[in-house]
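Scroll down for the structure; my scribbles are underneath it.
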Amino acid sequence: MGKFRLDFRLILALFAAVLAIGCGCGDDDDDDAAAPDDDAADDDTIDDDTDDDSDDDTGDDDTWPPLPDDDADDDADDDADDDDTYPTTEGFEYIPAGSFSMGSPSNESGRNANEMLHDVTITRHFEMMATEVRQELFDTLLGFNPSHFPLVGDSPDRPVDGVTWFDALLFANAMSIAHDFDPCFVFANVVCEDDTPVTDPTDCAGHGGVAAADVSLDAATIYECEGFRLPTEAEWEYAARAGSTTAFYNGDITHTACLPLDPNLEAIAWYCANSNNYTHPVGGKLPNDWDLFDMLGNVKEWTWDGYSTDPADGDDPAESIEDHFRSVRGGSARWDGALRLRAAHRQVHTPDRRDRFVGFRLVRTLPPDKSAKFFAAPRANDVAPIPAPPRALPTTLPFAYTRPDVGTPLTEQEIDDFTAAVTGFLADVDYFDWMRRLAHGMAADNVMDSPDYKLHLQDFGASKSGGVVTYAHTGASDNLMIQTGKIINNVSALYLATGDDEIGELLIDLCKGVQALFWGMAHDEEDPETTIMVRTLFPFNHSYEVDGRDITVNYDGAKHYSYDWNAHTVPNATNPYYGPIWVRNWRSKDDVPHIFRTVPMLSYVAQDGEDTDVRDAAEDALAALRGFAKDITDSGYHIRTKDEWGNAEVPINPDNGLVADLASFVLFDPLAPNGECDAKLSAALIGYDDPMGNDCNDGAELIYETVATLQHYYNYAIIRYFHLSALGLALVAGEDDAAEELMDGMAYRVDRMMNHQGSQSDDPAWDVDTASYCVAAASYGLPLTSAEAQQVVDFYTKAVDLYEDWDYWDPWDGSVADGPFPYEPSRNGPDGLVPPHEEFLYLFEYCQSPFRNDAGADFIDCDVLLDPSQW
């Protein structure tokens, strides 16, 4: 809630300052007949004679407007860096006209594709606020304060936050009026934050600020208006750099994420590594060479410009405000790692966005009557980075690892029987062909020529009518990547083992599905935030054919507003890939360990896959997942999302204003600092191929696990599979010491599971989940005991017995009557739960894994499993 206050003493002080600044002559009115000159610092004429007029000011005689005799800088003690410049408004700094290289060189760490170097010239000198607009000044001029910070009490010197772009323009007009300048902006069709329409935008002070308006310039261009205004994006970067060409104005970037702390950035900016998650009073860090504070960090800053991927070069560029987004610059005290605080980094928000980490500062074009100094910044050297040679993936477990055996080893006959049961079932039901027909999203021959993809979706009904099967979506399909991730891993494993064309086609389709979850978040072709993933997307209805079987997909039942505690279903009317679609946002950490776990196996496909198209699809999916994991790491280990209008954000719980736990790997760090270290380490290893300082010890932090699982049994799956992802990724990254320690924790974890040690060990799913987890852990080198192998065989055999009797593996078959039918088999059998069908496939990942440990108990013949000709 905003804080509304009025300090009349401050108003009187500000009014006095306005009078002084507005007259252009300071407070020196003592130019009387007395001689000699009564100002020691300003001697326009030695005798203080009649041609001195009233220009006797104590600082510098270059006042505005210039006096007739004041055509050059006539005082010898004038500061060397203030030659032929205009005095600035109080609180502003002079910025000389000049040219610079906008963007970043190709070899700058953390560089994005929208930062192409281009030459820009700012032809007019201007003044810029030395600090971000303070809450006290904003409140004084506009009569309200929308800021989120501080959480308790007042802090007038903190930057104002929670302002829309429209609020910033309204404040600029108020500043112009206070200083007797013509305002720059004309407002029409104004709507306040509480949906109240008003004629005068200042009337929105009592209604939460301005949420929408038609804005026009009262000047030919933004550079030519007389009053105060927002800087253009070019002016902002020019001023922020102050002649520098490095990532920050005090040097290069060392660490791009939130942690470790970047030494250069620590000196000049509040950001996620040092801010304690809140904004700070302005001016608390070192300024740049033009005495501008907090150009990086604290709050992001609105600019005038609409966002363009390829910004204009040349003289005085400005982008159209008809664009969907506005450019914001500088990064913030939270959610933004060091790479987002580089001078060249570009972010966006819609102009109506209120964000607790967005504020602004003002500029004003200075009059052109005198020649200003022209500043020519050094040109950035665009040297292409030298790519690191690809690192070959490991082919064996890098260390010996054993465990004491427990239980009776399976006989060779028992292993053969189990292998025959598994492979016989897979052959009989044509499991992978069934998956090719069940997985869906967008068919390749769709009428809109949109990108095709497949995912293992949820929450839909299946029905048959006249030989056509329809998948009709009714629900959110929130956690589709849990199942899809498991399937991707095992389809990858089978493809690596066989090179089979149809398995390769299925893998390509699923890899495209991973990409589609990112494409669904795009709000237009210019959207710069490409590393944020939807939970689900619902594109247009369509029909197609697979293996001679007719399929129709209908998404209409899912296309409705739904603001739930864990996600929102909202429209995305301008998606550039699929046209008007609906999406489910707020990607949750429920799915993320299974998303992360696809990376090792897809990495092997990208390196060793037999077919070029399959390798390329795997690499494309990997690139998207690396961006996703990097985004999490760069956001202080938070999973960002986008709102309905395309604003990137970290989900906030509306009931308490805190970060939603489903989107955070750090929320409980104060209580259990290593509780979610496995998740953080996984993100860092995928995004940066580096632990980024995360030392998870053995990965089995029981305090956090105990508290989390008391709330809900499913939290075990999140915690357990993040441990698995950390282990697998450490092995692939060559972090052998970390991997061995994580393996110790894995052995400890599996022992506890086998011995029913846990807060909800009496749950009906405990034993079957243990069986599946043992297979997954064995894929990363954990040697199973004989007792664990027996548990795998027992529960997986139950799964075979249950699944082979399901009637709908081929619903197009004439034996299946028209009408609704379950789209996948239930795991709830007469003898209790069995592994879900996608976990049944863990056997493929285990058999194909380079980390499979011969010291473990045997339970399946991998040579047979990986050779379908022997099924």
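The values are calculated or read from the model by the stated rules, or taken from the named source; none is laboratory data. A quick note: this is a predicted structure, and the numbers were derived from the prediction, not measured. All Cβ positions, even for glycine, are placed from backbone atoms using ideal geometry, and neighbour counts span all protein chains on display. Areas reflect the complete protein model, heavy atoms only, side chains present, ligands, DNA and RNA absent. Shrake-Rupley method; radii C 1.70, N 1.55, O 1.52, S 1.80 Å.
Residues in the stretch 497-513: is at least one β-branched (Val, Ile, Thr), modelled with pLDDT of 95 or more and open to solvent by less than 40 Å² (accessible area, probe 1.4 Å)?
yes
Which of (1) under 30 Å from Gly520 (Cβ atoms); (2) open to solvent by 40 Å² or more (accessible area, probe 1.4 Å); (3) part of a helix (DSSP H, G or I); (4) among the aliphatic types (A, V, I, L, M) does Met435 not meet, given it meets every other one?
Only one criterion in (1) under 30 Å from Gly520 (Cβ atoms); (2) open to solvent by 40 Å² or more (accessible area, probe 1.4 Å); (3) part of a helix (DSSP H, G or I); (4) among the aliphatic types (A, V, I, L, M) is unmet by Met435, namely (2).
Rundown of residues vs (1) basic (Lys, Arg); (2) modelled with pLDDT of 95 or more, yes/no style:
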site: Phe596; (1), (2): no, yes
site: Thr612; (1), (2): no, yes
site: Leu622; (1), (2): no, yes
site: Asn674; (1), (2): no, no
site: Cys677; (1), (2): no, yes
site: Lys680; (1), (2): yes, yes
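Conditions (1) part of a loop (DSSP other than H, G, I, E, B); (2) within 24 Å of the chain's Cα centre (by Cα); (3) β-branched (Val, Ile, Thr), marked per residue:
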| residue | (1), (2), (3) |
| --- | --- |
| Gly504 | no, no, no |
| Asp527 | yes, yes, no |
| Val534 | yes, yes, yes |
| Val553 | no, no, yes |
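For the stretch 725-772, what are the residues that are assigned to a loop (DSSP other than H, G, I, E, B) and more than 17 Å from Ser682 (Cβ to Cβ)?
Asn755, His756, Gln757, Gly758, Ser759, Gln760, Ser761, Asp762, Asp763, Pro764, Ala765
Looking at Pro825, Pro783, Pro811, which one is open to solvent by less than 10 Å² (accessible area, probe 1.4 Å), over 19 Å from Ala857 (Cα atoms), in a loop (DSSP other than H, G, I, E, B) and not hydrophobic (A, V, I, L, M, F, W, C)?
Going through Pro825, Pro783, Pro811 in turn, the sole match is Pro811.
Answer yes or no: is there a residue in the stretch 633-655 that is crowded, with 16+ Cβ neighbours inside 10 Å, within 19 Å of the chain's Cα centre (by Cα) and over 30 Å from Gly297 (Cα atoms).
So far as the stretch 633-655 goes, no, none of its residues is crowded, with 16+ Cβ neighbours inside 10 Å, within 19 Å of the chain's Cα centre (by Cα) and over 30 Å from Gly297 (Cα atoms).
Among the listed residues Ser477, Ser465, which satisfies the condition of being of a type outside the set (Asp, Glu) and open to solvent by less than 20 Å² (accessible area, probe 1.4 Å)?
Ser477
Pairs, please: C-beta under 6 Å, at least 6 apart or cross-chain, first residue modelled with pLDDT under 95 and in the stretch 525-548, second open to solvent by 30 Å² or more (accessible area, probe 1.4 Å)?
Glu525/Pro576; Glu526/Thr309
Does the stretch 369-401 hold any residues that are modelled with pLDDT of 80 or more and over 30 Å from Ala247 (Cβ atoms), and which are they?
Ala392, Leu393, Pro394, Thr395, Thr396, Leu397, Pro398, Phe399, Ala400, Tyr401
So for the stretch 646-660 (the condition being at pLDDT 95 or above, polar (S, T, N, Q) and over 16 Å from Cys258 (Cα atoms)), does at least one residue qualify?
Within the stretch 646-660, one or more residues are at pLDDT 95 or above, polar (S, T, N, Q) and over 16 Å from Cys258 (Cα atoms).
Please go through (1) closer than 18 Å to Pro351 by Cβ; (2) in contact with an Asp or Glu (Cβ under 6 Å, 6 or more places away or on another chain) for Phe181 and return the number of the only condition it doesn't satisfy.
Result: Phe181 fails condition (1) only.
Condition check: within 19 Å of Ser682 (Cα to Cα), in contact (Cβ under 8 Å) with a residue 24 or more places away in the chain, part of a helix (DSSP H, G or I) and not β-branched (Val, Ile, Thr). Does Arg587 satisfy that? Write out each step before concluding.
Values: within 19 Å of Ser682 (Cα to Cα): yes; in contact (Cβ under 8 Å) with a residue 24 or more places away in the chain: yes; part of a helix (DSSP H, G or I): no; not β-branched (Val, Ile, Thr): yes.
The answer is no for Arg587.
Can you find a residue in the stretch 123-132 that is under 20 Å from Val363 (Cβ atoms), touching a residue at least 12 places away in the same chain (Cβ under 8 Å) and small (Gly, Ala, Ser)? Steps first, please.
First pass over the stretch 123-132, keeping only residues under 20 Å from Val363 (Cβ atoms): 123-132.
Of the ones still in play, those that are also touching a residue at least 12 places away in the same chain (Cβ under 8 Å) are 123-132.
So of that shortlist, the ones also small (Gly, Ala, Ser) come out as 130.
So far as the stretch 123-132 goes, yes, one or more of its residues are under 20 Å from Val363 (Cβ atoms), touching a residue at least 12 places away in the same chain (Cβ under 8 Å) and small (Gly, Ala, Ser).
So which residues in the stretch 152-173 are more than 18 Å from Ile222 (Cβ to Cβ), surrounded by 18 or more Cβ atoms within 10 Å (Cβ to Cβ) and of a type in the set (A, V, I, L, M, F, W, C)?
Result: Val160, Val163.
Scan the stretch 119-147 residue by residue and report those that are crowded, with 19+ Cβ neighbours inside 10 Å, in a loop (DSSP other than H, G, I, E, B) and out of contact with any Ser or Thr (no Cβ under 8 Å at 6 or more places or on another chain).
If the condition is that a residue be crowded, with 19+ Cβ neighbours inside 10 Å, in a loop (DSSP other than H, G, I, E, B) and out of contact with any Ser or Thr (no Cβ under 8 Å at 6 or more places or on another chain), then Ala130, Thr131, Glu132, Val133, Phe144, Asn145, Pro146, Ser147 are the ones that fit.
If you check Glu233, Glu224, Glu237, which single one turns out to be open to solvent by 50 Å² or more (accessible area, probe 1.4 Å), under 18 Å from Asp305 (Cα atoms) and touching a residue at least 40 places away in the same chain (Cβ under 8 Å)?
Exactly one of Glu233, Glu224, Glu237 is open to solvent by 50 Å² or more (accessible area, probe 1.4 Å), under 18 Å from Asp305 (Cα atoms) and touching a residue at least 40 places away in the same chain (Cβ under 8 Å), namely Glu224.
Specify which of the listed residues (Val800, Val775) is touching a residue at least 60 places away in the same chain (Cβ under 8 Å), more than 19 Å from His594 (Cα to Cα) and assigned to a helix (DSSP H, G or I).
Of the residues listed, the single one that is touching a residue at least 60 places away in the same chain (Cβ under 8 Å), more than 19 Å from His594 (Cα to Cα) and assigned to a helix (DSSP H, G or I) is Val800.
Would you mind telling me which numbered condition in (1) at pLDDT 95 or above; (2) surrounded by 12 or more Cβ atoms within 10 Å (Cβ to Cβ); (3) assigned to a loop (DSSP other than H, G, I, E, B) Ile415 fails?
Only one criterion is unmet by Ile415, namely (3).
Glu90: in contact (Cβ under 8 Å) with a residue 24 or more places away in the chain, surrounded by 19 or more Cβ atoms within 10 Å (Cβ to Cβ), assigned to a loop (DSSP other than H, G, I, E, B) and among the acidic types (Asp, Glu), yes or no?
Spelling it out, it is not the case that Glu90 is in contact (Cβ under 8 Å) with a residue 24 or more places away in the chain, surrounded by 19 or more Cβ atoms within 10 Å (Cβ to Cβ), assigned to a loop (DSSP other than H, G, I, E, B) and among the acidic types (Asp, Glu).
This table checks each residue for (1) in contact with a Gly (Cβ under 6 Å, 6 or more places away or on another chain); (2) on the phi < 0 side of the Ramachandran plot.
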residue: Leu286; (1), (2): no, yes
residue: Asp291; (1), (2): no, no
residue: Gly297; (1), (2): yes, no
residue: Trp304; (1), (2): no, yes
residue: Glu322; (1), (2): no, yes
residue: Gly330; (1), (2): no, no
residue: Ala338; (1), (2): no, yes
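Just to check your reading of the model, which residue among Ala421, Ala493, Ala516, Ala472 is in a helix (DSSP H, G or I), modelled with pLDDT of 95 or more and in contact with a strand residue (DSSP E or B) (Cβ under 7 Å, 6 or more places away or on another chain)?
So the residue among Ala421, Ala493, Ala516, Ala472 that is in a helix (DSSP H, G or I), modelled with pLDDT of 95 or more and in contact with a strand residue (DSSP E or B) (Cβ under 7 Å, 6 or more places away or on another chain) is Ala516.
Could you grab me the full set of residues in the stretch 440-454 that are farther than 14 Å from Gly520 by Cβ and open to solvent by less than 20 Å² (accessible area, probe 1.4 Å)?
If the condition is that a residue be farther than 14 Å from Gly520 by Cβ and open to solvent by less than 20 Å² (accessible area, probe 1.4 Å), then His440, Ala443, Asn446 are the ones that fit.
Restricting attention to the stretch 560-569, does a residue exist that is hydrophobic (A, V, I, L, M, F, W, C), open to solvent by 10 Å² or more (accessible area, probe 1.4 Å), closer than 23 Å to Ala683 by Cβ and outside any helix (DSSP H, G or I)? Working first, answer last.
Taking the stretch 560-569 as the starting set, the residues that turn out to be hydrophobic (A, V, I, L, M, F, W, C) are 565, 567.
If we keep only those that are open to solvent by 10 Å² or more (accessible area, probe 1.4 Å) too, we end up with 565.
Next, from what is left, pick out any that are closer than 23 Å to Ala683 by Cβ: none.
No, that holds for no residue.
Is one or more of the residues making up the stretch 746-753 farther than 29 Å from Leu397 by Cα and either touching a Gly at 6+ places or on another chain (Cβ under 6 Å) or modelled with pLDDT of 95 or more (or both)?
Here is the first cut: in the stretch 746-753, the ones farther than 29 Å from Leu397 by Cα are none.
No, the stretch 746-753 contains no residue that is farther than 29 Å from Leu397 by Cα and either touching a Gly at 6+ places or on another chain (Cβ under 6 Å) or modelled with pLDDT of 95 or more (or both).
Name the residue, out of Asp310, Asp336, Asp323, that is open to solvent by less than 10 Å² (accessible area, probe 1.4 Å) and either in a loop (DSSP other than H, G, I, E, B) or under 27 Å from Ala178 (Cα atoms) (or both).
Exactly one residue qualifies, and that residue is Asp336.
For the stretch 189-211: of the residues being open to solvent by 40 Å² or more (accessible area, probe 1.4 Å) and part of a strand (DSSP E or B), which is farthest from Arg364 (Cα to Cα)?
Pro197
Quick check on my filter: what residues within the stretch 243-253 are in a loop (DSSP other than H, G, I, E, B) and open to solvent by less than 10 Å² (accessible area, probe 1.4 Å)?
Ala247
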